[in-house]
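Please treat every number below as a calculation from the coordinates, not as lab data. None of these values were measured; they are calculated from a predicted model. Glycine also receives a Cβ, built like all others from the backbone with ideal geometry; neighbour counts cover every protein chain displayed.
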Amino acid sequence: MKPKPDASPVQDTADADIKPTAPTLIANLAWLLQHGRKRWRLVALASLIVIGGWLLTTASGLIRLQSVTKALIDFRIQRTVNNLRLSYPKARDSLGKGSGHFGEVDSDIEAILKLDPRNGHGLYYAGEVKRITTQSLFTRQSCLIGSALAAKPQPLDTYESDFARYIDIEKAQPDAMRKGDYSAETCYSRPEGFCPQRTAWVHHLLANDRYEEAMASTDLRVKVDKLRRALEQAEAAAELYKDERDHPGFGQCRPTTVLIEDAKRELAALKP
């Protein structure tokens, strides 16, 4: 009987005792292909770690990773904002029925600001919710009720802090992220959440706040200061936005153009 040939090729060097092995990366890929379907979550995490590690080894890779990360965050924000755009009017309208279901709205705002604490969408809606849910002081249009403030004077910082932060951040944005046409779509097409219409509306609401504070005050210096600040805010709103009839500012609350005229008249009357 002939002896069976050796299954392994005979090497005539000192390396004959060393068994060839596949490179680590190839072996890992083979494992992924074999077990990937059963352990897809682990595979996804491992893939992210491997790709991320590779990207971090080069400067261009780091820039690419940052770009991918921003794109993912923007996508998540955009999706949440689209939902918020639908859920907010429903919640606001429910206030008239005595319910006021803002759970979904609050969750969306929290998610946006967690992803980006400086986001215009998140700050704007956070400010609006604080105002309209305080029905003893604000209307469902977010207008300050002057008679309520006069009956019970109080600081408005709680209801303006998000708006003030919005304005400060908006000023620092490049023109491409803050300027544009007068439509609301300009805002909703931008993950950052800044646009002329929204910024003008915030100025308009703050102008009304200052004017009503001025009217409720009996201190001459305070009244003059509030009126001047109201005029500044109203003029900023009028400069930023015009409606479909080409009228500057807004018609809700005390209309922007009326407020400008009233503030000027009041200031003129208070001059010694």
Based on this model, can you work out whether Gln197 counts as more than 18 Å from Arg76 (Cα to Cα), without any contact (Cβ under 8 Å) to a residue 60 or more places away in the chain and crowded, with 16+ Cβ neighbours inside 10 Å? yes
From Leu240, Leu205, grab the single residue that is touching a Gly at 6+ places or on another chain (Cβ under 9 Å), surrounded by 18 or more Cβ atoms within 10 Å (Cβ to Cβ), in contact (Cβ under 8 Å) with a residue 60 or more places away in the chain and within 21 Å of Ser142 (Cβ to Cβ). Leu205
Looking only at the range 243-272, filter to residues that are surrounded by fewer than 16 Cβ atoms within 10 Å (Cβ to Cβ) and basic (Lys, Arg); which one of those is nearest to the chain's Cα centre (by Cα)? Arg245
Do you know which residues across the range 132-152 are outside any loop (DSSP other than H, G, I, E, B), surrounded by 16 or more Cβ atoms within 10 Å (Cβ to Cβ) and touching a residue at least 40 places away in the same chain (Cβ under 8 Å)? Ile132, Leu144, Gly146, Leu149
Criterion (more than 20 Å from Gln252 (Cβ to Cβ), touching a helix residue (DSSP H, G or I) at 6+ places or on another chain (Cβ under 8 Å) and either crowded, with 24+ Cβ neighbours inside 10 Å or not aromatic (Phe, Trp, Tyr) (or both)) met by exactly one of Arg210, Arg190, Arg221: Arg190
Could we say that Gln173 is closer than 25 Å to Asn119 by Cα, surrounded by fewer than 18 Cβ atoms within 10 Å (Cβ to Cβ) and either free of Cβ contacts under 8 Å to residues at least 40 places away in the same chain or touching a Cys at 6+ places or on another chain (Cβ under 8 Å) (or both) here? yes
Select, from Ala176, Ala164, Ala172, Ala216, the only residue that is farther than 18 Å from Glu239 by Cβ and in contact with a Pro (Cβ under 7 Å, 6 or more places away or on another chain). Ala216
Working only within the range 165-201, note down all residues that are among the aliphatic types (A, V, I, L, M) and in a loop (DSSP other than H, G, I, E, B). Ala172
Looking only at residues that are under 20 Å from Tyr188 (Cα atoms) and of a type in the set (Lys, Arg) in the range 99-131, which one is surrounded by the fewest Cβ atoms within 10 Å (Cβ to Cβ)? Lys114
Of all residues in the range 85-131, count the ones that are outside any loop (DSSP other than H, G, I, E, B) and out of contact with any helix residue (DSSP H, G or I) (no Cβ under 8 Å at 6 or more places or on another chain). 11
Looking only at the range 153-164, which residues are buried (at least 16 other Cβ atoms within 10 Å of the Cβ) and assigned to a loop (DSSP other than H, G, I, E, B)? Leu156
